[in-house]
Amino acid sequence: MFGAIARPILFKKRSIYRAMGRHISPTLALAWALAAIVGSIFWSMNQYSVATACLGDLAVVAGWAETTTSEQTIKWIVGLVILGVSIPLTWAYGRPASTGVQRYEKLLRIIVAIMLLCFLIVALRTGIDWGRVLRGLIPSGLPNDPADRTMVLGALGCAVGINMTFLFPLTLRARSWGREHLGLTRFDLWGGMLLPFAVGSSLVVITTANILQGSPEAPANPAAVASVMSPLFEGTFLPASTGRVLFDIGIAAMPLSTIPILMLITGLAISEVMHVPKTSRWFKVGALLPAIGILGVGYKAPFWLGPLISSFGLILLPIAYLGFLLLTNNKNFMGDDREKGNRRKAWNMAMAIACLIAIIGAFVKVRDTVGSLVQSLN
């Protein structure tokens, strides 16, 4: 879908949001923007939940939080610090990047890269059943249990969130790319986004399956999940808590880099809706909306909150996909820049399949949610 919408983004200098409102439907465009805002607010809850849980666990390892109450207090303090750092980082959007911001972003990327390397080493040490991995790439159907379906739908909703569909056009515009960069954009989507995401996610799934599958209880906190790093330091001189500390730091780096992005998305979405510059006061106000996500600090099972929120986020995704499908085929907007002949048929088929997958996933989630509500009332 991103590969398809790259064409109207790069070929037309007009705002995709405004183009959708003018040529397709102002209601659909507004629904897209509002869905991106709502999705970002709820996804930020998961980011705060995971980040504070991991950093709070470091306090437990250090002996600073000997009781549940003290651990919760530290987590709330950490959450407020994260919010305090994220606000100026987000408000700096559009200005010349400062050395401090660049170093912060670079440090987080390095930490995440080291973490993925650790997952690779653990996966190789614990063994990879390539036959099962390859079979797992071709789904045979959805699980029968609603809780298991939530995991699958959550993974699908998290892979491409509706807020990402709002950020992608603005990202390309920020690079000042034009029609001559269409091939580079599509290559970047495959090599710079899809491949790293697929490899990284696969390593996490394989490693956790090798270490945690068959546990008597679902691991709900960093201390339990951090055992995936234990094979790295077995038989070494390092303390037993080394893997736990490494896990906490590496996993925390992911939401720490995501929170400012979610704030950026809501700020940009509000700016588009209000038709004001991206550096206006409305942008700053909109960027503060995900601050509500700090309430996620109090959630007791941070690693299970993500799939739950993402499965509901999947319900919103068809809004964006339908709008993109109609916009890329709109003659008044695209003119002679529409794909032609068999290429157009192929792209339309691919977009239709993506729309269908999103619609089916949204339908299943709505059905499960309604069924659960009805069952709870009986």
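No value in this document is a laboratory result; all are computed from the given coordinates. As the structure is a computational prediction, the values presented were derived from the model and not from experiment. Cβ sites come from the backbone with ideal geometry, for glycine too, and all protein chains shown count toward neighbours.
Between residue 133 and residue 275, what is the label-to-label distance in nm when each label sits 7 Å out along the Cα-to-Cβ direction?
5.3 nm
What is the spin-label model distance, in nm, from residue 73 to residue 372 if the labels are put 7 Å beyond Cα along the C-beta direction?
3.5 nm
Measure off 7 Å from each Cα along the Cα-to-Cβ vector at residue 181 and residue 204, then give the distance between these two points in nanometres to one decimal.
Each label point lies 7 Å from its Cα, and together they span 2.8 nm.
Cα gyration tensor of segment 67-197, axes a ≥ b ≥ c as square roots of the eigenvalues: rounded (a/c below 1.5), prolate (a/b > b/c) or oblate? Walk me through the numbers on the way to the answer.
On the way: a/c = 1.69, a/b = 1.13, b/c = 1.50.
Cα axes put segment 67-197 in the oblate bin.
On full extension of the chain, what length is gained from residue 109 through residue 195, given 0.36 nm per residue of separation minus the C-alpha to C-alpha distance? Mind dumping the intermediate values first?
On the way: separation 86, 0.36 × 86 = 30.96 nm, distance 1.63 nm.
Extra length available between residue 109 and residue 195 comes to 29.3 nm.
Would you list, by chain and number, the aspartates and glutamates whose Cα falls below 15 Å from the Cα of residue 300, excluding same-chain residues fewer than 8 positions away?
57, 71, 217
Place the peptides 366-377, 56-67, 333-344 in order of packing, highest mean first, counting for every residue the other Cβ atoms within 10 Å and averaging per peptide. Mind dumping the intermediate values first?
Numbers: 366-377: 10.8, 56-67: 16.1, 333-344: 12.5.
Taking the mean over residues of other Cβ atoms within 10 Å, the ranking is 56-67, 333-344, 366-377.
What order, most packed first, do the peptides 42-53, 199-210, 236-247 have when packing is the mean number of other Cβ atoms within 10 Å of each residue? Numbers along the way, then the final one.
Numbers: 42-53: 27.0, 199-210: 17.5, 236-247: 15.5.
Result, highest mean first: 42-53, 199-210, 236-247.
Taking only the alpha carbons of segment 2-377, what extent do you get along each of the three principal axes, in Å, biggest first?
Dimensions of segment 2-377 along the principal axes of its Cα atoms: 66, 50, 48 Å.
Using 11 Å as the cut-off for backbone N distance, which residues of segment 321-365 belong to the label zone defined by a point 7 Å from the Cα of residue 25 along Cα→Cβ?
322-323
Helix by helix through the chain, keep the DSSP H runs that span 18 Å or more along the axis on Cα and average at least 0.5 on Kyte-Doolittle, and give those back in order. Don't jump to the answer; show the numbers that get you there.
Details: long enough: 26-62 (54 Å, 1.31); 68-91 (35 Å, 0.94); 99-126 (40 Å, 1.31); 146-159 (19 Å, 0.75); 162-174 (19 Å, 1.09); 195-212 (25 Å, 1.72); 242-274 (49 Å, 1.48); 341-377 (54 Å, 0.71).
Length and hydropathy pass: 26-62, 68-91, 99-126, 146-159, 162-174, 195-212, 242-274, 341-377.
Sorted by mean Cβ packing within 10 Å, highest first, what order do the peptides 319-326, 261-268, 132-139 take?
On the way: 319-326: 21.9, 261-268: 26.5, 132-139: 10.0.
Per-residue mean Cβ counts within 10 Å order the peptides as 261-268, 319-326, 132-139.
Rounded to the nearest 20 debye, what is the charge dipole size of segment 2-377 about its Cα centre when +1 sits on each Lys and Arg Cβ and -1 on each Asp and Glu Cβ?
Values: 32 positive and 17 negative charges, 380 e Å.
Here the size comes out at about 1820 debye.
Taking the Cβ-Cβ separation of residue 240 and residue 142 as r and a Förster radius of 35 Å, what is the calculated FRET efficiency to the nearest 0.05? It would help to have the intermediate numbers written out before the result.
Values: r = 40 Å, r/R0 = 1.14.
Computed FRET efficiency for residue 240 and residue 142: 0.30.
Roughly what % of Cα-Cα distances in segment 253-378 sit above 27 Å, to the whole percent? The partial results should precede the final answer.
Values: 3544 of 7875 pairs.
In whole percent, the share of Cα-Cα pairs in segment 253-378 beyond 27 Å is 45.
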